Amino acid sequence: MPINPWNRLLKHKYISVNNISISTYSKIEKNKPLAVLFHGFGGNYFGLTPLAHELSCKYSILIVELPSHGKSSIANLNHTILLNTFYISLINTIKKEFIDPKIIIAHSFGCFIAKNNAISKKIPTVLICPVHTPSSSFLKGMLLSQKSSLFMVLSNIPILSPFKALFLQKRWSLQAFINIFKNIFYCQNSIKQLLSQQNLIDIALKKDIFFNNYVKLVINGKSDNTIDKNKKELSKKLFKHANIVDLKGGHLLPMESPKEITKIIINYF
């Protein structure tokens, strides 16, 4: 089934996690194990639909919109302890509201949540483009967003969407461009959401947050400009229990290379 009609089959549902209303999109199919997907900073469910569509050949799908993103309610989870507590409660709620997750797949900022030791020990976890060591340009941008609310808001106005798409795309194909452009255009956040997301930047910039994890698979983009190129080898030390795969593309791999990611995941698990 093509992606557009498949997207229309996704069922939207709110679940309550620690008194936070969390928006989810699902396509649960009998006899298919559940894959739970988490998007990155400033994103929403839409950016993961190209990957979810490909994964649906083997898995039931559940895409979770993080607090202060998409249709989820505003929540101030600006500390790793709060984030870990939320994540454990979220997985337990998913088990009650849907079915037990058999694999967790996270992209970008979602990796800071999904690397949780207690969960990744029990449920196979895949991280896509984890920003474990930010590049200098990415770090400067994030620090400026953290310090200036005005910059945080102005840098996310819709008129900049085409330029962001051109800057972020590293693997050139018409479908990849369409995926990235549509995601950025449709993923516009309110000022209230942006200011709440601003509180998460401190977590995204923490050092050594990925040490001592039990993640099973890490997929990096070879041209990911959010990562310090001199520190890419650090992946092997940080993710000791993981198989590490470098894939052609940039930071938006789920939109650039969904077929390749799906093939890697299915072959590995």
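No lab work stands behind these numbers, since they all come straight from the coordinates. Everything numeric here is computed off the predicted structure, so don't read it as measured data. With ideal geometry, Cβ positions are generated from the backbone for all residues, glycine too; neighbour counts draw on all protein chains shown.
Summary of computed values
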item	result
Residue order, fewest to most surrounding Cβ atoms within 10 angstrom, among 209, 184	209, 184
Under the Karplus curve 6.51 cos²θ - 1.76 cosθ + 1.60, θ = phi - 60°, whole-Hz ³J(HN,Hα) for segment 261-267, x wherever Gly or Pro sits	4, 4, 4, 4, 5, 5, 5
P(r) weight above 23 Å for segment 3-268, C-alpha pairs, percent	48 percent
Cβ-based exposure ranking for 97, 256, 54, in which fewest neighbours within 10 Å come first	97, 54, 256
Sorted by Cβ neighbour density within 10 Å, fewest at the top, the residues 251, 12	12, 251
Residue of 132, 39, 241 that the Gaussian network model of the chain assigns the largest fluctuation, springs spanning Cα pairs under 10 Å	241
CD proxy at 222 nm, helix term only [per DSSP H run n ≥ 4: -39500 (n - 2.57); per residue of the chain; nearest 500]	-11000 deg cm²/dmol
Phi to ³J(HN,Hα) by Karplus 6.51 cos²θ - 1.76 cosθ + 1.60 over segment 39-44, Hz, x for Gly, Pro	8, x, 4, x, x, 8
GNM result for the chain, Cα springs below 10 Å: residue of 144, 195, 66 fluctuating most strongly	144
Radius 15 Å from Cβ of residue 122, net charge of other residues (Lys, Arg +1; Asp, Glu -1)	+4
Segment 78-106-segment 182-251 distance, computed between alpha-carbon centres (Å)	19 Å
Formal net charge of residues neighbouring residue 173 (Cβ-Cβ distance under 15 Å; K, R +1; D, E -1)	+2
In Hz, Karplus ³J(HN,Hα) per residue of segment 124-138 (6.51, -1.76, 1.60; θ = phi - 60°; x = Gly, Pro)	x, 10, 10, 10, 10, 6, x, 8, 7, 9, x, 5, 4, 5, 5
